[in-house]
1. Would you tally the residues in region 29-42 being at pLDDT 95 or above and surrounded by 10 or more Cβ atoms within 10 Å (Cβ to Cβ)?
2. Being in contact with a strand residue (DSSP E or B) (Cβ under 8 Å, 6 or more places away or on another chain), at pLDDT 90 or above and over 24 Å from residue 89 (Cβ atoms) narrows it down to one of 155, 138, 145, 127, so name that one.
3. Identify the single condition in (1) farther than 29 Å from residue 3 by Cβ; (2) touching a strand residue (DSSP E or B) at 6+ places or on another chain (Cβ under 7 Å); (3) loosely packed, with under 14 Cβ neighbours inside 10 Å that residue 77 does not satisfy, given that it satisfies every other one.
4. When you scan region 210-224, do you find a residue that is surrounded by fewer than 12 Cβ atoms within 10 Å (Cβ to Cβ) and either in the same structural domain as residue 116 (by TED's automatic domain parsing) or touching a strand residue (DSSP E or B) at 6+ places or on another chain (Cβ under 6 Å) (or both), even just one?
5. Which ones in region 195-227 are over 21 Å from the mean Cα position of the chain (by Cα) and more than 17 Å from residue 30 (Cα to Cα)?
6. Are there any pairs, at least 6 apart or on different chains, whose C-beta atoms fall under 9 Å, with the first in region 215-234 and in contact (Cβ under 8 Å) with a residue 24 or more places away in the chain and the second surrounded by fewer than 10 Cβ atoms within 10 Å (Cβ to Cβ), and if so, which?
């Protein structure tokens, strides 16, 4: 059974139109969710709105939305005024232009949806657009009113369909310059850079989302299962504290020929690329070893 569409409309690119449907690509519905209960009765509790100053219960008909303009002062908006500000939807996902797939900074990507043909006769136009995007290696930039908001959408081909990703507005993305202002301007070089390269090469892998484990969800599931069976939940083991190491010494130990072979094995396990990447570290280690021998003779 096909999943229920979150939105249906028309994808439009110039003279080409195609009825389409949006389906949720990412969902949190499988996460463990808790309810708040009354401990003595075991019944669920409900929330009620209370006046922050008087402590009296506020009925729904007296509740109104307000925007704080300064401390303690609000501009109130009636429900019909808020509703009037919601843009009207013409159910059109209108493509404004095309751009290289890698031109959009990933920080602007928000929630993604699968985009599919909504009618049996729409496949031809859908496939033409999908294959055209793939062959040109571009994405489509479109606009639509989705979920009561005007949104900019990035449309890209994926497998047999399209993926529509909502984009964050520029005012929503915080300045990277502000966040990184305290990061030193220094650059890694020499043996420190060799260490970073060595670590990267020995741990190089591929992206496999199935291998990622949500440890918090797994721990909650075990906790619920134990409580349901009337067992005492196991206390999780405390994580071992990180050990502060001398990075330069770690580089020398991992790359030196007489380090028990551990560095060489690690490089060989990554294949030719890893072996090549390990050579600069070995030269650095040899220099360090020679310097150490000179110091011992001098002592």
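1. 1
2. 138
3. Checking residue 77 against (1) farther than 29 Å from residue 3 by Cβ; (2) touching a strand residue (DSSP E or B) at 6+ places or on another chain (Cβ under 7 Å); (3) loosely packed, with under 14 Cβ neighbours inside 10 Å, the one that fails is (3).
4. No: zero hits.
5. Result: 195, 196, 197, 198, 199, 200, 201, 202, 203, 226, 227.
6. Short answer, once both residue conditions are applied: 217/30; 220/34.
Listed here are the residues, each with its yes/no results for (1) surrounded by 13 or more Cβ atoms within 10 Å (Cβ to Cβ); (2) part of a strand (DSSP E or B).
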position: 20; (1), (2): yes, yes
position: 55; (1), (2): no, no
position: 69; (1), (2): no, yes
position: 82; (1), (2): no, no
position: 94; (1), (2): yes, yes
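The values are calculated or read from the model by the stated rules, or taken from the named source; none is laboratory data. Fair warning: this is a prediction, and the values are worked out from it, not measured in the lab. Methodologically, a virtual Cβ is constructed for each residue, glycine included, from the backbone with ideal geometry; neighbour enumeration extends over all protein chains shown.
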